[in-house]
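Inspection log for the structure reproduced underneath, given as structure tokens.
The values are calculated or read from the model by the stated rules, or taken from the named source; none is laboratory data. Computed from a predicted model, the values in this text were never measured in an experiment. Positions of Cβ are generated from backbone atoms using ideal geometry, with glycine treated the same way; all protein chains shown enter the neighbour counts.
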Amino acid sequence: MPLTFDDLLARARSLTGGGRRAILGIAGSPGSGKTTLAEHLVRELNGQEAEPWAAHVPMDGFHLADAELERLGRRDRKGAPDTFDAAGYAALLRRLREEGGHADGEAVYAPGFERVLEQPIAGAVPVPPQARLVVTEGNYLLLETGAWARVRPQLDEVWFCETPEEERIRRLVARHVEFGKSHADAVAWVRGTDQRNADLVATTRDRADLVVPVTALPSVRPGG
């Protein structure tokens, strides 16, 4: 039978147990629906409990700031693997795994990412101590080079969102336009920098525990 969103909810719920915090990763190319899937999972899981127990921690908070990208000469490749603090992201995941799942602990704060500013924001995402499931999503969760190789060992499972190229590109262009690019500039960026990143992410698909087809995704907004 085709995979459904209800199947995904059940699988995510099954990751928790034994009094420890579980971390679910959602990978995929830019525009594949990762963010929307993560947000829907967390919303639905929390909606079925008296007390919220799932948290969403995006990888995008670990973008390097534009000033640092300019210094490094990487501003025109923003979104590529070496434009993130991969080691910092892996360290946060390790801390989330080691410190969570107990109501008497302390909140862990993760950085967020402001789409309008296109900049990371420190301390923007609180993960309460009682959260038993953290859902994290990003392009490079399955990458095996450099500090990215430290990410996968911190994750209980990684799912890979797979969306047809035409639809993925349409969403991505719409997202760039929504946050300030002209249509022409959005298309150029998607066909250039974003596509190079998408091609790299696609090579990691076979390392995922589950491939999520677009038919199992909830209705999505542009991007993801």
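Quick check, is LEU210 closer than 13 Å to PRO30 by Cβ and at pLDDT 90 or above? Talk me through it step by step, then tell me what you get.
On the way: closer than 13 Å to PRO30 by Cβ: no; at pLDDT 90 or above: yes.
Taking the combined requirement at face value, the residue does not satisfy it.
Given ALA80, ALA27, ALA10, which one is out of contact with any helix residue (DSSP H, G or I) (no Cβ under 8 Å at 6 or more places or on another chain) and of a type outside the set (Asp, Glu)? Explain how you work it out, then say what you get.
Numbers: ALA80 fails: out of contact with any helix residue (DSSP H, G or I) (no Cβ under 8 Å at 6 or more places or on another chain); ALA27 fails: out of contact with any helix residue (DSSP H, G or I) (no Cβ under 8 Å at 6 or more places or on another chain).
Result of the check over ALA80, ALA27, ALA10: ALA10.
For the range 80-108, how many residues are under 16 Å from the mean Cα position of the chain (by Cα) and either hydroxyl-bearing (Ser, Thr, Tyr) or at pLDDT below 90 (or both)?
Of the residues in that region, 2 qualify.
Considering only residues that are in contact with a Gly (Cβ under 8 Å, 6 or more places away or on another chain) and modelled with pLDDT of 85 or more, which ones fall in the range 171-197?
Scanning the range 171-197 gives a single hit, ASN197.
Check LEU117 against each of (1) in a helix (DSSP H, G or I); (2) of a type in the set (A, V, I, L, M, F, W, C); (3) free of Cβ contacts under 8 Å to residues at least 40 places away in the same chain and name the one condition it does not meet.
It fails just one condition, (1).
When you scan the range 25-38, do you find a residue that is in contact with a strand residue (DSSP E or B) (Cβ under 7 Å, 6 or more places away or on another chain) and surrounded by fewer than 20 Cβ atoms within 10 Å (Cβ to Cβ), even just one?
Step one: of the range 25-38, the residues in contact with a strand residue (DSSP E or B) (Cβ under 7 Å, 6 or more places away or on another chain) are 25-28, 32-35, 37-38.
When the remaining residues are screened for being surrounded by fewer than 20 Cβ atoms within 10 Å (Cβ to Cβ), the result is none.
No, that holds for no residue.
Can you pull out the residues in the range 143-158 that are in contact with a Leu (Cβ under 9 Å, 6 or more places away or on another chain) and either part of a strand (DSSP E or B) or touching a residue at least 24 places away in the same chain (Cβ under 8 Å) (or both)?
Hits for the range 143-158 are LEU143, TRP148, ARG150, VAL151, ARG152, GLN154, LEU155, ASP156, GLU157, VAL158.
If the requirement is being in a helix (DSSP H, G or I), in contact (Cβ under 8 Å) with a residue 24 or more places away in the chain and touching a Gly at 6+ places or on another chain (Cβ under 8 Å), which of these qualifies: ASP76, ASP60? Write out each step before concluding.
Details: ASP76 fails: touching a Gly at 6+ places or on another chain (Cβ under 8 Å).
Only one candidate passes the filter, namely ASP60.
Tell me, yes or no, whether the range 159-166 has at least one residue that is assigned to a helix (DSSP H, G or I) and either in contact (Cβ under 8 Å) with a residue 40 or more places away in the chain or surrounded by fewer than 16 Cβ atoms within 10 Å (Cβ to Cβ) (or both). Steps first, answer last, please.
Pass one, the range 159-166, residues assigned to a helix (DSSP H, G or I): 165-166.
In the following step, the residues that additionally are either in contact (Cβ under 8 Å) with a residue 40 or more places away in the chain or surrounded by fewer than 16 Cβ atoms within 10 Å (Cβ to Cβ) (or both) were identified as 165-166.
Yes, that holds for at least one residue.
Go through the residues of the range 152-172 one by one and say whether even a single one is of a type in the set (Val, Ile, Thr) and more than 30 Å from LEU3 (Cα to Cα). Before you say what the answer is, go through the steps one by one.
At the first step, the residues of the range 152-172 found to be of a type in the set (Val, Ile, Thr) are 158, 163, 169.
Imposing the further condition that a residue be more than 30 Å from LEU3 (Cα to Cα) reduces the set to none.
Taking every residue of the range 152-172 in turn, none turns out to be of a type in the set (Val, Ile, Thr) and more than 30 Å from LEU3 (Cα to Cα).
Scan the range 189-217 residue by residue and report those that are among the small types (Gly, Ala, Ser), closer than 22 Å to LYS78 by Cα and surrounded by 15 or more Cβ atoms within 10 Å (Cβ to Cβ). Walk me through how you get there before you give the answer.
First pass over the range 189-217, keeping only residues among the small types (Gly, Ala, Ser): 192, 198, 202, 208, 216.
Those still in the list that are closer than 22 Å to LYS78 by Cα too: 192, 198, 202.
Once the filter is applied, which keeps residues that are among the small types (Gly, Ala, Ser), closer than 22 Å to LYS78 by Cα and surrounded by 15 or more Cβ atoms within 10 Å (Cβ to Cβ), the range 189-217 yields ALA198, ALA202.
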